[in-house]
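Working notes, structure below.
The values are calculated or read from the model by the stated rules, or taken from the named source; none is laboratory data. None of the values given here were measured: they were computed from a predicted structure. Positions of Cβ are generated from backbone atoms using ideal geometry, with glycine treated the same way; all protein chains shown enter the neighbour counts.
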Amino acid sequence: MSVYEYAFQPFVDYGFMRRALAACAALAVSGAPLGLFLMLRRMTLVGDAMSHAIAGTITRLTQLKEDASFTGTYILSLAAGVLIISLHGNTLDLMHVLFGNVLAVDNQSLLLVTCIASVSSLTLAAIYRSLIVECFDPGFLRAVHGKGALIHQLFLVLVVLNLVSAFQALGTMMALGMMVLPAIAARFWTRTIDCTVALSIALGLVSAFTGLLLSYHYALPSGPAIVLTAGGLYVFSVLFGWYGSITVRLLPKKHFAH
């Protein structure tokens with residue numbers, strides 16, 4: 001089998017493969033940069049639930065701490081979601097919500113994903129510099145511009161929109177992996193935020209392309225194949241990355257010669 005037949009012919013011959021790749025590419029372009037900011041803000045696990053956006057609002061309006069409000073809304077949302085699916089669907093519906101089916105993305109779902117990705121990317125570009133400042137020194141942004149709360153809420157809205165978009169393809173259990181794993185892996189290869197954003201998008205695209213090929217050729221579930229590919233890139237980066245990896249920390253450090 002030639003390289004073309006293995007790597008490109010499935011996307012040429014089958015429309016469902018092209019739609020799946022396009023949806024994953026849109027998710028990588030819009031979601032991976034948000035994953036980087038989730039990591040910078042130490043919110044990667046919190047991003048697993050859309051209820052965090054509500055939790056942030058509750059925290060600002062009441063005396064309740066964010067972890068407590070998040071826990072309450074997360075549990076309530078999860079229970080309500082399972083109940084609704086149980087009443088109006090079946091076990092297959094629940095599995096689809098949890099794990100998704102990117103190969104079943106139709107034209108309407110693809111349009112939704114790409115529209116959300118476009119809006120998210122444009123909005124992130126507009127608040128990019130302010131969001132960087134807000135991540136490292138929110139007090140300064142509030143003091144200078146008074147927009148710290150607005151930037152924070154816009155960021156949470158973008159996270160919610162991208163998670164909703166990712167649910168269409170990867171399901172709730174896999175959506176965060178596509179958003180966060182490429183961003184975490186990229187941090188081991190570069191020090192600047194701009195380069196990390198670009199590299200995280202590239203790693204997301206590679207994960208989607210490779211995962212779909214593995215799913216096609218070896219009859220693997222598409223969502224887990226994509227996320228596990230991203231996980232493989234993450235493990236490789238942890239082991240061999242240029243900055244802060246296990247290999248770098250174990251190698252003898254150079255000292256200045258006297």
Review point. Looking at region 197-217, is at least one residue free of Cβ contacts under 8 Å to residues at least 40 places away in the same chain, polar (S, T, N, Q), surrounded by fewer than 19 Cβ atoms within 10 Å (Cβ to Cβ) and assigned to a helix (DSSP H, G or I)?
Key: yes
Exercise for review: Go through (1) surrounded by 24 or more Cβ atoms within 10 Å (Cβ to Cβ); (2) within 18 Å of Thr123 (Cβ to Cβ); (3) polar (S, T, N, Q) one by one and return the number of the condition Gln153 breaks.
Suggested key: (1)
Review point. Can you name the residue in region 165-196 that is in contact (Cβ under 8 Å) with a residue 40 or more places away in the chain and within 21 Å of Ala126 (Cα to Cα) and is also surrounded by the fewest Cβ atoms within 10 Å (Cβ to Cβ) among such residues?
Key: Ile193
Review point. Restricting attention to region 139-192, and to residues there that are at pLDDT 85 or above and of a type in the set (Lys, Arg), which single residue is farthest from Phe236 (Cα to Cα)?
Key: Arg191
